[in-house]
Amino acid sequence: MTHGTTLRRKIGWTLLTGFVGFSGSELLDNVLNVTVAEQLIITFIIGGVTLLAQYLADVEHRFDESDRLHREAIQDLREMIRRGFQSVDEATELIAEIDRSAIHPDLLKQLIRRSSHLTSEAGPLVRALASSETQRLATTIQSLADGHQLYYDGEDREFLLALARGTSASLYATSWAVIKTNVGFEAGFWLSDLGARYLDLQRTATRRDVVARRIFIVESTTAAADPELIPILGMQRNAGIEVRVLVASDAAQDGGLSDYVIFDEQICYETTPVMRSELPGSPWRLTTRLLLNEETVRHRVQHFQELWARALPVSEDGAPMASGAEPLGPA
């Protein structure tokens with residue numbers, strides 16, 4: 001109700017009670033012999049009391065309303081202070097966790113700051129992608145912190161390149177060299193964009209004295225001398241990688257083999273190959289695992305060393321050498 005309406009209402013009630021008082025005093029005129037002047041005085045008194053009562057009621061109402069608003073304001077202030085202290089506690093805890101993390105604090109702070117640049121004005125697909133990548137990053141870091149293993153559904157790119165970029169001591173790898181029927185050696189991975197970048201990073205690693213060794217697993221002794229395999233072996237050697245060739249039947253003595261790369265004897269990057277029905281001779285990397293358990297990685301290192309001892313070295317021209325130091329295949 002507006003101020004003008006309230007004022008008119010008060011005036012109306014005052015006039016009404018004054019009129020009633022004046023009318024009532026006329027009824028008492030014959031009994032009490034009340035004069036007109038006295039009637040007017042009674043009318044003014046009744047009207048004034050009515051007006052005063054309305055103002056007192058209005059003051060009480062305003063006081064009650066003010067008290068209610070005051071209590072609500074205090075409650076809101078308390079809630080704001082509580083949330084503020086809670087935010088401060090969370091921020092303090094977050095900063096403490098950042099300081100405890102093995103990841104450089106500046107990187108974590110950079111991630112938080114740049115996340116704030118993505119506002120609600122971004123499209124829903126952009127927000128969904130950002131949320132998905134953030135969740136994936138959180139899951140990856142949690143898996144690394146747990147120190148067991150990390151799964152990636154499909155053939156990975158980022159993990160492989162990041163590990164090759166960061167390795168500082170050693171890189172031990174096994175690679176299946178597949179021969180397609182009536183097609184010959186499939187260079188596949190090493191002629192792809194990922195393979196080229198991966199090989200460049202290994203070349204850079206060997207220049208900083210990282211020991212890089214790779215065993216190519218072939219299906220047979222004949223496949224070891226395939227002329228299309230020799231250039232790939234040469235690419236590896238030119239990158240500073242020590243290369244050997246192992247026949248799959250020799251590797252099978254250990255009950256099977258999967259592609260893996262051991263970085264600094266700390267992390268084993270392993271791919272699980274699945275034979276595709278339409279290309280029986282070509283493996284399809286279905287799942288990638290990062291093995292982080294110290295005992296598991298130590299077993300992989302021992303396994304690689306055993307395979308390395310049985311594998312054939314590669315001559316200067318890139319051809320695998322037989323145990324008698326003679327190149328396999330035609331001279």
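The values are calculated or read from the model by the stated rules, or taken from the named source; none is laboratory data. Bear in mind the structure is a predicted one, so any value in this text is a computation, not a measurement. Cβ atoms come from the backbone with ideal geometry, glycine included; neighbour counts cover every protein chain shown.
Would you tally the residues in the stretch 291-317 being among the hydrophobic types (A, V, I, L, M, F, W, C), surrounded by 13 or more Cβ atoms within 10 Å (Cβ to Cβ) and out of contact with any Lys or Arg (no Cβ under 9 Å at 6 or more places or on another chain)?
The number of residues fulfilling the criteria is 3.
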Only one of (1) surrounded by 13 or more Cβ atoms within 10 Å (Cβ to Cβ); (2) under 20 Å from the mean Cα position of the chain (by Cα) does not apply to SER170, and that is (2)
Of LEU125, LEU161, the only residue that is in the same structural domain as SER192 (by TED's automatic domain parsing) and at pLDDT 85 or above is LEU161
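Quick grid of which residues meet (1) of a type in the set (Gly, Ala, Ser); (2) under 30 Å from ILE141 (Cα atoms); (3) at pLDDT 75 or above:
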position: ILE46; (1), (2), (3): no, no, no
position: ARG78; (1), (2), (3): no, no, yes
position: LEU94; (1), (2), (3): no, yes, no
position: PRO105; (1), (2), (3): no, yes, yes
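I'd like to check something: does the stretch 123-141 contain any residue that is surrounded by fewer than 10 Cβ atoms within 10 Å (Cβ to Cβ) and in contact with a Pro (Cβ under 9 Å, 6 or more places away or on another chain)?
no
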